[in-house]
Number of protein chains: 2
Amino acid sequence: MGRWVPGARGRLQRAAFELFAERGFEQTTVAEIAARAELTERTFFRHFTDKREVLFAGQDELTTRIVAALAAAPAELSALDAAVVAVEASAEVLGPRPDGPRARQTVIDAHPELRERELIKMEGLVAAIAEGLGRRGVPAAAASLAASSAVAVFRMGFERWIGDDGGRGVEEHIREALVELREVAGAS
Amino acid sequence: MGRWVPGARGRLQRAAFELFAERGFEQTTVAEIAARAELTERTFFRHFTDKREVLFAGQDELTTRIVAALAAAPAELSALDAAVVAVEASAEVLGPRPDGPRARQTVIDAHPELRERELIKMEGLVAAIAEGLGRRGVPAAAASLAASSAVAVFRMGFERWIGDDGGRGVEEHIREALVELREVAGAS
DNA sequence: TCGCCCGATGTCAGCGACTGACATGAGCGT
DNA sequence: ACGCTCATGTCAGTCGCTGACATCGGGCGA
């Protein structure tokens with residue numbers, strides 16, 4: 001399957017990541033990324049629809065994993081519990097150390113255009129979870145709200161995780177956030 | 001204050017809206033919008049940072065209104081209740097009839113780039129509400145989660161409102177969504 | 001009343017993201 | 001050995017967006 005030098009996509013990702021870290025997202029040109037990867041600008045756009053998309057290549061894997069975990073979750077769990085358990089499975093994709101994710105997030109947070117892309121990916125995740133809950137028999141509205149809540153909880157947990165040097169896992173942070181959500185949404 | 005023909009900004013908005021409806025967002029060029037408004041492309045970009053931004057001009061007013069309503073909400077309300085009451089104030093900006101908002105939403109939903117912009121506006125709203133809750137003495141984490149939940153509820157209410165011919169107000173739909181959220185997030 | 005200044009608009013040139021069309025060349029099967 | 005396929009290269013062009021400078025009409029002080 002590989003002609004020429006294989007791994008073009010990976011080289012582009014690595015080159016992009018390096019350059020974004022070195023001189024920032026806007027100051028990096030797609031042509032420069034391609035050059036460092038010893039490829040052409042045109043080839044970059046054959047692998048990534050967007051200049052931004054190169055930073056979100058792993059997102060699909062995250063979603064896939066979470067949806068799989070949701071399908072595997074015990075049937076007795078409530079919609080929200082199942083969704084949060086699923087979201088905890090992100091730990092397998094994110095790994096034990098927050099260093100990589102933190103560096104990536106630093107780049108993203110510095111650029112509104114990248115935050116936009118991140119948000120739409122998150123909404124894709126919400127939709128996927130809601131769909132998965134639907135397959136568990138949860139009504140659409142409840143599924144949607146549970147998915148939104150689970151992702152909000154995930155985001156808070158993730159944020160604390162990358163800001164945490166204590167070496168605790170994402171899952172712990174996520175579970176903590178869930179407790180807080182329940183307090184907030186508890187009886188009026 | 002007005003030299004030349006006044007109301008440039010408004011003319012640009014109207015022209016953009018018309019053209020987007022006529023031939024779609026991508027098929028419309030900024031130069032064309034400016035031409036229909038009898039202005040220059042350059043002038044368009046002096047009024048709107050973005051080609052997309054022209055569709056979101058009203059968003060700031062919405063956020064302002066909601067934040068004001070939050071500040072005015074009774075102090076006894078829980079964080080979530082206060083946030084949802086605030087979000088119900090969107091009715092004043094949205095108006096009684098969903099026709100306009102529906103048309104606008106149709107354009108947005110058809111274009112991923114516009115959905116991205118919408119999402120980041122929504123996150124701006126979440127942040128503003130969380131900040132407002134902070135001023136009410138709500139701890140940061142709870143404020144953030146309550147704001148996320150309130151906006152999720154708002155979105156669901158809004159969605160049902162524009163899909164509803166029964167003439168019920170946004171507020172009703174929002175309140176219904178809140179009830180569902182409480183059921184979902186209730187005891188595990 | 002005259003003339004100066006300001007602020008909104010116009011003009012121009014240019015960069016960089018992205019796309020379509022076509023060319024090329026290395027491996028693979030036959 | 002031949003030709004097909006498919007990743008990549010090449011080229012030209014469109015459009016979003018920006019900086020620098022010009023213009024011009026109205027308000028305002030002298």
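From the label point of B:A21, set 7 Å from Cα along Cα→Cβ, how far away are the matching label points in the other copies, in nm, ordered shortest to longest?
Copy-to-copy label distances at B:A21, shortest first: 5.0 nm.
List the residues of region A:144-188 whose accessible area drops by at least 50 Å² when all protein chains are present, compared with their chain alone, using a 1.4 Å probe and counting only protein heavy atoms.
When all protein chains are present, A:L145, A:M156, A:R182, A:V184, A:A185, A:S188 each give up 50 Å² or more of accessible surface.
In whole percent, how big is the carbon plus sulfur part of the accessible area of the protein assembly as shown, probe 1.4 Å, protein atoms only?
Accessible surface attributable to carbon and sulfur in the protein assembly as shown totals 53 percent.
Please tell me the relative contact order of region A:58-185 in percent, rounded to the nearest whole number, where contacts are Cα pairs under 8 Å and at least six residues apart.
Computed value for region A:58-185: 30 percent relative contact order.
With θ taken as phi - 60° and the coefficients 6.51, -1.76 and 1.60, list the Karplus ³J(HN,Hα) couplings across region A:114-127 in order, rounded to whole Hz; mark glycine and proline as x.
Rounded to whole hertz, the list is 6, 5, 4, 4, 4, 5, 6, 5, 5, 5, x, 5, 4, 4.
Partner chain Cβ atoms within 10 Å, averaged over the residues of B:73-81 - can you pull that number for me?
So the per-residue partner count for this stretch is 2.
Using Cα pairs closer than 8 Å and at least 6 residues apart in sequence, work out the relative contact order for region A:8-54, in percent.
39 percent
Report the calculated FRET efficiency for A:A31 and B:E32 (r = Cβ-Cβ distance, R0 = 30 Å), to the nearest 0.05.
0.55
Taking the Cβ of B:A150 as the center, what net charge do the other residues with Cβ under 11 Å away carry, scoring Lys and Arg +1 and Asp and Glu -1?
Net charge around B:A150: -1.
With a sphere of radius 9 Å drawn around the Cβ of A:L70, what net charge do the other residues whose Cβ falls strictly inside it have (Lys, Arg +1; Asp, Glu -1)?
The answer is +2.
What number comes out for accessible area per residue over the protein assembly as shown if the probe is 1.4 Å? Units Å², please.
Here the residues of the protein assembly as shown average 49 Å² of exposed surface.
Quickly work out the A:R14-to-A:E41 label distance, labels modelled 7 Å from Cα along the C-beta direction, and quote it in nm with one decimal.
2.5 nm
Give the B-A buried accessible area in Å², both sides summed, 1.4 Å probe, nearest 100.
2500 Å²
Between copies, how far apart are the B:T43 label points? List them in nm, one decimal, shortest first, with each point 7 Å from Cα toward Cβ, please?
Nearest first, the other copies' label points are 4.7 nm away.
FRET efficiency for A:R23 and B:R115, Cβ-Cβ distance as r, R0 = 35 Å, nearest 0.05?
Between A:R23 and B:R115 the formula returns 0.75.
What length, rounded to one decimal in nm, is gained on full extension from A:R135 through to A:T49, with 0.36 nm per residue of separation minus their alpha-carbon distance?
Length difference between fully extended and current span is 27.9 nm.
Hey, what number do you get for chain A at 222 nm if only DSSP H runs of n ≥ 4 count, each worth -39500 (n - 2.57), divided across all residues, to the nearest 500?
-22500 deg cm²/dmol
Can you tell which of A:E171, A:E22, A:E61 shows the greatest fluctuation in a Gaussian network model of chain A with Cα springs below 10 Å?
A:E22
The values are calculated or read from the model by the stated rules, or taken from the named source; none is laboratory data. Nothing here was measured: the structure is a model prediction, and the numbers come from that model. Counting neighbours? That spans all protein chains shown, and the Cβs are built from the backbone with ideal geometry, glycine included. Heads up: the accessible areas ignore ligands, DNA and RNA and are worked out on the full protein's heavy atoms, side chains in. Shrake-Rupley method; radii C 1.70, N 1.55, O 1.52, S 1.80 Å.
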